[in-house]
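Heads up: the structure comes next, in structure tokens.
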Amino acid sequence: MGWFRKKEKPQEVVTEKKDLWTICPSCKAHVYKDEWDKNFSVCPQCNFHDKINWKERMDILLDPGTFREINDNVSTADPLEFKDSKGSYAEKAEATKVKTGMKEAVITGRGKIHGIRVVMAVMDFRFLGGSLASGTGEKILLASEYALRHKYPYIVVSASGGARMHEGIISLMQMAKTCAGVARLKKMGIPYISILTDPTTGGVSASFATMGDINIAEPKALIGFAGRRVIEETIKQKLPDDFQTAEYVLDHGFIDQIVNRKEMKNFLYKVLRYWKAK
Amino acid sequence: MNLDFEKNAPEIEEKIAELTKQKATDPNAKVDDQIVGLKKELDKVLKEAYAHLTPWQTVQVARHPNRPLLRDYIAGMCGEFIELHGDRCFGDDKGIIGGFATIADSHVMIIGHQKGKNLEDNVKSNFGMATPEGYRKALRLMKLAEKFKIPIITFIDTPGAYPGADAEARGQAEAIARNLTEMSQLEVPVIVVVTGEGGSGGALGIGVGDVILMLSNSVYSVISPEGCASILWRDGSKAPEAAEALKITANSLFKLGIVDEIIPEPIGGAHRDYDGTLQAVKQALLKHLNILRRVSERKLVDRRFEKYCRIGRFKHR
Ligand SMILES: [Zn+2]
């Protein structure tokens, strides 16, 4: 396969071809869309794990037909009546809801992983960059409380640029709110597994996403607190390419393993077997 | 720092200082009436200037270099302060300091951001931007307070957590996240006072508590107005607009239910009157220490959890 894409390609791809090919955002390789989809949106060339939506994620991780959504009625509001140069947050949120069919940036529910009951929260980057705000925080907390009540392991898949500015301080406080839920799971001995996908940064990396009993990342995912540009301006140095990658945070001791998307479900299953094992 | 909304207040202050000096060198100088008159005028000018600050003007006051810093509060409020250093992992951050302290008859743990008064101090403390070591030291001291069963008071005044490559390497995100998680379960009272700049996760990292107090000219925000403006307005100079939209003043945050009580600053802001400011903060702290002392450990934790559960506004449909 490799030889095929390494060939020189024209920079401009004609329209009808565009429907057939996916261009890897990382290595720019042209991959047949069919092949790309069958490979769970992972580049067969460079193993870049592209963003996927919540439904694709649930399908990959849960046994077929076992997913049941909870708290599906929590929907974005506009607590600050926020407006910027491009218009109002309320309008922006409504447009996003129509476009994605979601009401907030996270979908929560229960399901099974090879028969083991779990509670899942999956963030979806399409919804305002997966940003953490009132509705997101509420759903992530309610799901952890659901896990606590039923004594099911809790798994959160993060994909987020951080706190949502349009809800101001209320978004910031969701970091404390979600972590308060995580603390209760820890206290009651309920497993909490965090999966960090591309990207997991800012207020999400600085709250529930790094607090897993086990932290897992997808290959090459961007994981970090401050933005690269801000850091470069602060230290007045260029940062290396691998800075804030999954590989970098693994090397620095903040995640347990990097796991390929295809192997993620089996990895979760294998780990969860150790819970309450004699 | 030039606060142009203060109008001619600095000139009046200069005149008062001049006359006072004159009086000191020549006790017979007939300047008393003039000084009293000028002071009245100054009060009037400042009262008017500070009555209707815009959010962006409030940001300037909150960042004022002469605003009292944590060490000023400690010196003026505490009978004793025993500073405790180090995170026991890597180092001792100067951007967050802490230790045992007494306020009136109360024994407490004080932890907070420490900006510098001059460039040298600011270089040491990263302008009050804490490193992971700062957050880990803070957590260590909070756990110590819990063991000793004494209340915790945190002082918030930071532009944000330090955005350095080394801070990332040592887990800035993890350090803040762990504090948020652990603070929600502390079995002693936690009182948070925002005294200057409440800069995002760097502030919240020591800011989870039972009562959140805010000085009237302080600000607290998810992102700096400049940062927000450059992202959402694509123009950093639109910071005044962003400051307005983000609702970052004590009044706005009180209305939103994030802040429990506003501590009024003396006329003309905290930077003009340390004594008045320190006394106001001390009285507010003593009041809340008294209230929280009567709450059982379990109830404290339950109530704190419920407090944070309630934060958020969304639709059900
Ligand atoms: Zn690729």
Requested in this report: May I ask you to give the average projected area over all directions of the convex hull of the Cα atoms of region B:130-267, in nm² rounded to one decimal?
Outcome: 9.1
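Order B:L84, B:L292, most accessible first, counting only protein heavy atoms with a 1.4 angstrom probe.
B:L84, B:L292
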Query raised in the report: Taking a probe of 1.4 angstrom, what is the accessible area of B:C228 in Å², to the nearest 10?
Result: 0
Report task. Could you name every residue in region B:245-261 that has 10 Å² or more less accessible surface in the full protein assembly than in its own chain alone (probe 1.4 Å, ligands and nucleic acids excluded)? Result -> B:A245, B:L246, B:K247, B:L253, B:L256, B:I258
**Report entry** 20 °C / 1.002 mPa s Stokes-Einstein diffusion coefficient of region B:112-176, Kirkwood radius on C-alpha pairs, µm²/s
**Finding:** 170
Query raised in the report: Which value in Å does the Kirkwood hydrodynamic radius of chain B take, with 1/r averaged over all unlike C-alpha pairs and then inverted?
Result: 20.7
Report task. Quick one: dipole size for chain B, taken about the Cα centre, charges +1 on Lys/Arg Cβ and -1 on Asp/Glu Cβ, in debye to the nearest 20. Result -> 1180
Query raised in the report: Are there trypsin sites (Lys or Arg not before Pro) in region B:1-96 that DSSP marks as loop and that have at most 13 other Cβ atoms within 10 Å, and which are they?
Result: B:K7, B:K30, B:R88
Report task. For the pairs B:K115/B:K147; A:K151/A:K270; A:K139/A:K262; A:K55/B:K307; A:K265/B:K315, note any where the Cα-Cα span goes beyond 24 Å. Result -> B:K115/B:K147; A:K139/A:K262; A:K55/B:K307; A:K265/B:K315
Report task. Provide the convex hull volume over Cα atoms per residue for region B:132-208, in Å³. Result -> 67
Query raised in the report: If the label point is 7 Å along Cα→Cβ of A:R117, which residues in region A:65-79 have backbone nitrogen under 20 Å from it?
Result: A:65-72
Report task. Please go through region A:43-107 and write out the GluC sites (Glu not before Pro) that DSSP classes as loop and that have at most 13 other C-beta atoms within 10 Å. Result -> A:E81
Query raised in the report: What lysines sit close enough to B:K30 to cross-link, taking a C-alpha to C-alpha distance under 26 Å and skipping anything fewer than 8 places away on the same chain?
Result: B:K15, B:K21, B:K39, B:K40, B:K44
**Report entry** Mean ellipticity per residue at 222 nm, deg cm²/dmol - from DSSP H runs of n ≥ 4 across chain A, formula -39500 (n - 2.57)
**Finding:** -10500 deg cm²/dmol
Query - Apportionment of accessible area to carbon and sulfur, chain B, percent (1.4 Å) - result: 52
Query raised in the report: Which value, in Å³ per residue, describes the convex hull spanned by the Cα atoms of region B:237-316?
Result: 139
Query - In sequence order, calculated HN-Hα J values of region B:167-178 (Karplus, 6.51, -1.76, 1.60; Hz; x Gly/Pro) - result: 5, 5, 4, 9, x, 4, 4, 5, 4, 5, 4, 5
Report summary line: Descending accessible area (1.4 Å probe), largest on the left, turns B:H288, A:H150 into A:H150, B:H288
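The values are calculated or read from the model by the stated rules, or taken from the named source; none is laboratory data. Nothing here was measured: the structure is a model prediction, and the numbers come from that model. Note that each Cβ is placed from the backbone with ideal geometry, even for glycine, and that neighbours are counted across all protein chains shown. Areas reflect the complete protein model, heavy atoms only, side chains present, ligands, DNA and RNA absent. Shrake-Rupley method; radii C 1.70, N 1.55, O 1.52, S 1.80 Å.
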